[in-house]
Amino acid sequence: MNSISVRALLVRGMLAGLAAGVLALAVAYFLGEPHVDSAIAFEEAHSPHDHGEGGEDPVSRTMQSTAGLATGILVYGVAIGGIAALVFCVALGRIGRFGPRATAALVSLGALLAVYVVPFLKYPANPPSVGDPDSLDKRTALFFLMIALSILLAVGAVILGKRLAPRLGNWNATVAAGAAFVVAVGLAYAFLPSVNELPDDFPAGLLWKFRLSALAVQLLLWTGFGLVFGHLAERLLAPRAGAPDKARTAAQAG
């Protein structure tokens, strides 16, 4: 794949990430933000002494839930779209005889699992108003460490599957690599410390709904990216067989 194709795919990946971000933004606003408001109301009701004079947030809640939310999700969508497009360039033709659409779908699925689902199962999302502010840096570091480990283990599983394929066959090699990934992730879960700072009386239903909405945002983001980018990549790399070649038509006419 030449540099022109990589550049074109990078641009298409960022555009696909932006489009997927718009879809995810709608879900985050209509499905997730009401649960955030409920969590904030719970915190204010149980910690009235923290909201006196001088305790106002520098950015209003309205700004956070509209412009702030949109900026965060759209910038994130463009960023992950560009990174995923570069991963697509590396993966195309190297993980099997898959076309652009199928490769884009596999990259999106792998990214969803490695970047979000695996870390989520160890450190699930909590409403932003819940938790000890003094441990924020620690919780953030642990979450990003889990993301890094998950990505490295996923890459290792792909490499292991490729090396086992000639001896075991594609299916058995895939099963073996997947099992190795699950075992390695389980060990990471066991050795990394757990974090549980939810108040004992925090509504379980609200927590469940918030985590489902957070998962839905990521699911829609990566699904939307895979579909949009797969379409754009196939149009670039595998144009229709019946499409006329203008240069050849002009040469034949001459």
Positions within segment 196-243 being more than 30 Å from VAL11 (Cα to Cα), open to solvent by 50 Å² or more (accessible area, probe 1.4 Å) and not acidic (Asp, Glu), in sequence order:
ASN196, PRO199, PRO203, ALA204, TRP208, LYS209, ARG211, LEU212
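Determine whether LEU160 is more than 23 Å from the chain's Cα centre (by Cα), within 26 Å of ILE80 (Cβ to Cβ) and touching a residue at least 12 places away in the same chain (Cβ under 8 Å). Let's see the steps before the verdict.
Details: more than 23 Å from the chain's Cα centre (by Cα): yes; within 26 Å of ILE80 (Cβ to Cβ): yes; touching a residue at least 12 places away in the same chain (Cβ under 8 Å): yes.
When the stated conditions are applied, LEU160 passes them.
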Here are the criteria: (1) more than 24 Å from PRO100 (Cα to Cα); (2) modelled with pLDDT under 90; (3) of a type outside the set (Asp, Glu); (4) not in a loop (DSSP other than H, G, I, E, B). Tell me which single one ALA216 does not satisfy.
(2)
Output the residues belonging to segment 90-99 that are open to solvent by 20 Å² or more (accessible area, probe 1.4 Å) and assigned to a helix (DSSP H, G or I).
VAL90
Kindly evaluate GLY99 against the criterion of being within 16 Å of LEU232 (Cα to Cα) and either of a type in the set (Asp, Glu) or in contact with a Phe, Trp or Tyr (Cβ under 7 Å, 6 or more places away or on another chain) (or both).
no
List pairs: first residue in segment 106-131 and open to solvent by 20 Å² or more (accessible area, probe 1.4 Å), second residue at pLDDT below 90 and assigned to a loop (DSSP other than H, G, I, E, B) anywhere in the structure, Cβ distance under 6 angstrom, at least six positions apart or on different chains.
GLY131/GLU197
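The values are calculated or read from the model by the stated rules, or taken from the named source; none is laboratory data. Predicted, not measured: the structure shown is a model, and the values here were computed from it. Neighbour counts run over all protein chains shown; Cβ positions are idealised from the backbone, glycine included. Heads up: the accessible areas ignore ligands, DNA and RNA and are worked out on the full protein's heavy atoms, side chains in. Shrake-Rupley method; radii C 1.70, N 1.55, O 1.52, S 1.80 Å.
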